[in-house]
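Just so it is clear, none of the values below were taken in a lab; they were calculated from the coordinates. If you're wondering where the values come from, they're calculated on a predicted model, not measured in any experiment. Note: ideal-geometry Cβ built from the backbone for every residue, glycine included; neighbour counts use all protein chains shown.
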Amino acid sequence: MSDILKRIYAALTGAKSNVDDKQISRTSGVPSRAPQKDASETRDEKSSSKPTVASAPAANQEKAPNPDAGVSTPTPASPAEPIHVDATSSTPDENELDAYDYELPERLIAQFPLQKRDQARLLVVNRKTQKLEHRHFYNIVEYLNPEDVLVLNNTKVLPARLIGSRTRTGGRWEGLFLQYDPRGFWEIMSKTRGYLQPGEHISLMNSRGTGITRELEVVAHTEQKTLVVRPILEDGEDSFTFLDKVGWIPIPPYIRGGRMTPSDRDDYQTVYAQEPGAVAAPTAGLHFTKELLDQIREIGIAVCDVTLHVGAGTFKPITVTKLSEHHMHSEYATISEDVVRVIEERKARGGRVFAIGTTSVRTLESASNARPDGSIDSSGVNDLRLRPFAGQTDLFIRPPYRFKTVDAILTNFHLPKSTLVILVRTFGGDELIKHAYEEAIAEDYRFYSYGDAMLIL
């Protein structure tokens, strides 16, 4: 039985959460996730902490009626000068969180996506030559070979944000759906003034903001300070149908203050999303169109799916100063035997594994470091190899982690001091990726979830 179901069981019965798995059967819907203790985030990514920004005017990068809206002036496609690192110069301790901070003008935080997904800019970072290239996303095909493998995270973002009021008092209330158990109970994060009593009802506003439509009944509080509730379902209705009627897409707080617009239902979802379960999008994949993926397949490149459901821990910043003291939040991930076989066959032929987004990276590397008992060796230094995997991963990729399966990463530009920017710098090389971020800022790249992309070769 998953930890989340144990927490619900404990809240309902007053028992400790070390009950036997047989006492609660596992749902056939979204796989349960472990407690969200402390985290980064988003990526593919969100964060409740405001990023460090330089004093610059914010821009409303609204979705304009023409395809070029929001696209900054293109820079030449020629490579930048190689990066020369002075080996004698002192560098910040790679275990210090402050070493991963940077300043970003607020105007560069993208508030809306481009009308054409593949028109985003693409900063290509070559670890071998230490050079940078300024391209556009549709140019990614030029960097792929027929024997390569593209690995996509096919998780689907749930309309997990809930907005409403306390039925009895009319007080404002907000929540975030986390998970449900087979008996119809939900675990949610809850924010309101005062204490919600068991038996109290919450009236939910529909996602169009046009009025109160449905209700939740408060059942219990958990030790993790989340709430167990029961949705008041209609005949024949299930949790996902209910959630679809009342839920809002959980847009990150740095985008329009977290307020959803109707277009976000499509914009904040990859074109290949299949498996419902995430509360944040794997944002590197937002740049792909179906036509571009078809073009990639026609070349002979294998396109494979894995799943990692981005969890609620992505809302929380790192709260310790030493990376070695950070406990990564846990998320459910899975990779099939068929995908493992394709990757092994392609790598044997000299192909490379392109991980689309940091969530795909964490899935692949978790499956490459999973012990027989399901735990993950976070060092990357072992005799384990890629194998089918389905379970919780709390893999925190940081220096001096050694990558075992991933050969190239496509990713967006991430928040400072987040686990994602740490992962990217661990893979790409600290000085090279720091320089790439400086270059992106200087060239007015668009940052974060709806922003531009980086390809690290």
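Quick notes on this one:
- Basic side chains Lys and Arg get +1 at the Cβ, acidic Asp and Glu get -1 at the Cβ, and with that the dipole of the stretch 160-248 about its Cα centre reaches some 520 debye.
- For the stretch 332-457, share of DSSP beta bridges that run antiparallel, in % to the nearest 5: 75 percent
- Cβ-based exposure ranking for Asp264, Asp373, Asp452, Asp407, in which fewest neighbours within 10 Å come first: Asp373, Asp407, Asp264, Asp452
- Local electrostatic count at Asp383 - Lys and Arg +1, Asp and Glu -1, tallied over other residues with Cβ under 14 Å: +4
- Compactness relative to 2.2 N^0.38 Å, alpha carbon Rg of the stretch 127-276: 1.36
- For Thr155, Thr222, Thr314, Thr129, the sequence from fewest to most other C-beta atoms within 10 Å is Thr129, Thr222, Thr314, Thr155.
- Prolate/oblate/rounded label for the stretch 188-231 (Cα gyration tensor, a/c 1.5): prolate
- Residues Ile441, Ile433 arranged by fewest to most Cβ contacts within 10 Å: Ile441, Ile433
- What the phi angles of the stretch 320-326 give under the Karplus curve with 6.51, -1.76 and 1.60, with θ = phi - 60°, is a coupling list of 10, 8, 10, 4, 5, 9, 7 Hz, glycine and proline written as x.
- Cα centroid of the stretch 337-352 to Cα centroid of the stretch 159-190, whole Å: 43 Å
- Rg ratio (alpha-carbon, reference 2.2 N^0.38 Å) - the stretch 211-369: 1.28
- For the stretch 238-370, the residue among Gly313, Ser336, Val271 whose Cα projects farthest onto the positive side of the dipole built from Cβ charges is Gly313.
- When the listed pairs Lys322/Lys404; Lys131/Lys347; Lys290/Lys417; Lys404/Lys434; Lys347/Lys434 are checked against a 27 Å cut-off, the alpha-carbon distance exceeds it for Lys290/Lys417; Lys347/Lys434.
- Whole-Å semi-axes of the ellipsoid equivalent to the stretch 160-248 (Cα gyration tensor, √5λ, descending): 17, 16, 11
- Note, ³J(HN,Hα) from phi for the stretch 365-374, Karplus 6.51, -1.76, 1.60, rounded to Hz, x at Gly and Pro: 6, 5, 5, 8, 10, 7, 7, x, 7, x
- For the stretch 124-158, trypsin sites (Lys or Arg not before Pro) are listed when DSSP marks them as loop and at most 16 other Cβ atoms sit within 10 Å of their Cβ; the list is Arg127, Lys128.
- FRET efficiency for the Asp373 to Glu344 pair, using the beta carbon distance and R₀ = 35 Å, is estimated at 0.90.
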